[in-house]
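Data block below; observations after.
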Amino acid sequence: MLKNEVHKTVLLSIPVGNTVVVVAKLESALGHRFHAYIGQTLLLHRAAAGKAILSLRSKDYLQAYLDGEYLLAPPELRTQLERAQRLGYAVTHDEIESGVSCLAAPVVNLSHEPIAAISICVASNELSEQASRSYSSPLIQAARQLAARIG
């Protein structure tokens, strides 16, 4: 791998019930392969895409999700979702796969309801606070462009 080259995987996920499902994947040709695959299903609160989607859900929906009888959401989830709503993207570190961090931005419909999320996954050691900020702007822009195309 070249210096300053970071292996990235980009995912498009959609919400289905209390999960997100990966529906598209684009992987750079260099370096480590992450274990994400099309059709992969993850709980909303475990994936960056799910957190991005949850951050825009209504308070009633969120409360019902958190009260779910089988849910074991971490206590800091509410804080993470508030941060995601404020920044426009969610972040996870080592939650799905050890050594993998993801950023995700929600894709919204005309009613500003989240209908999907675009994620970028990188090795955790490559995702500093500065790198998160540099990835977030084009990620949010891509989510907005996709939302505009969907209409």
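Structure notes:
- Taking 7 Å steps out from each Cα toward its Cβ at residue 149 and residue 23 produces label points 1.3 nm apart.
- Highest-fluctuation residue, 26, 56, 139 considered, GNM on the chain with Cα pairs under 10 Å: 26
- Largest to smallest accessible area among 79, 19, 9 [probe 1.4 Å]: 79, 19, 9
- Here the Karplus curve 6.51 cos²θ - 1.76 cosθ + 1.60, taken at θ = phi - 60°, turns the phi angles of the range 95-101 into couplings of 8, 9, 9, 4, x, 10, 10 Hz, with x standing for Gly and Pro.
- Using a cutoff of 8 angstrom between alpha carbon atoms and counting only pairs six or more residues apart, the relative contact order for the chain works out to 23 percent.
- For the range 59-151, the solvent-accessible area works out to 59 Å² per residue, with a probe of 1.4 Å and every protein chain left in place.
- Note that the range 125-142 has calculated 3J(HN,Hα) couplings of 5, 9, 9, 6, 4, 5, 5, 4, 5, 6, 6, 5, 4, x, 5, 4, 4, 5 Hz, one per residue in order, obtained from phi through the Karplus relation 6.51 cos²θ - 1.76 cosθ + 1.60 (θ = phi - 60°); glycine and proline are x.
- Taking other residues whose beta carbon is less than 15 angstrom from the beta carbon of residue 117, and scoring Lys, Arg as +1 and Asp, Glu as -1, yields +3.
- Most fluctuating residue given options 106, 75, 114, as computed from a GNM of the chain linking Cα atoms under 10 Å: 75
- Among 83, 57, 133: highest mean-square fluctuation, GNM of the chain, C-alpha pairs under 10 Å: 133
- For the range 47-58, putting each phi into the Karplus relation 6.51 cos²θ - 1.76 cosθ + 1.60 with θ = phi - 60° gives couplings of 9, 4, 4, x, 5, 4, 5, 4, 4, 9, 6, 5 Hz, in residue order, rounded to whole numbers and with x for Gly and Pro.
- Ellipticity estimate at 222 nm from DSSP helix runs (n ≥ 4, -39,500 (n - 2.57)) divided over the chain, nearest 500: -10000 deg cm²/dmol
- For the chain, fraction of C-alpha pairs farther apart than 22 Å, in %: 35 percent
The values are calculated or read from the model by the stated rules, or taken from the named source; none is laboratory data. Everything numeric here is computed off the predicted structure, so don't read it as measured data. Every residue, glycine among them, receives a Cβ derived from its backbone with ideal geometry; neighbour counts consider all protein chains shown. Side chains included, ligands, DNA and RNA excluded: accessible areas come from the protein's heavy atoms. Shrake-Rupley method; radii C 1.70, N 1.55, O 1.52, S 1.80 Å.
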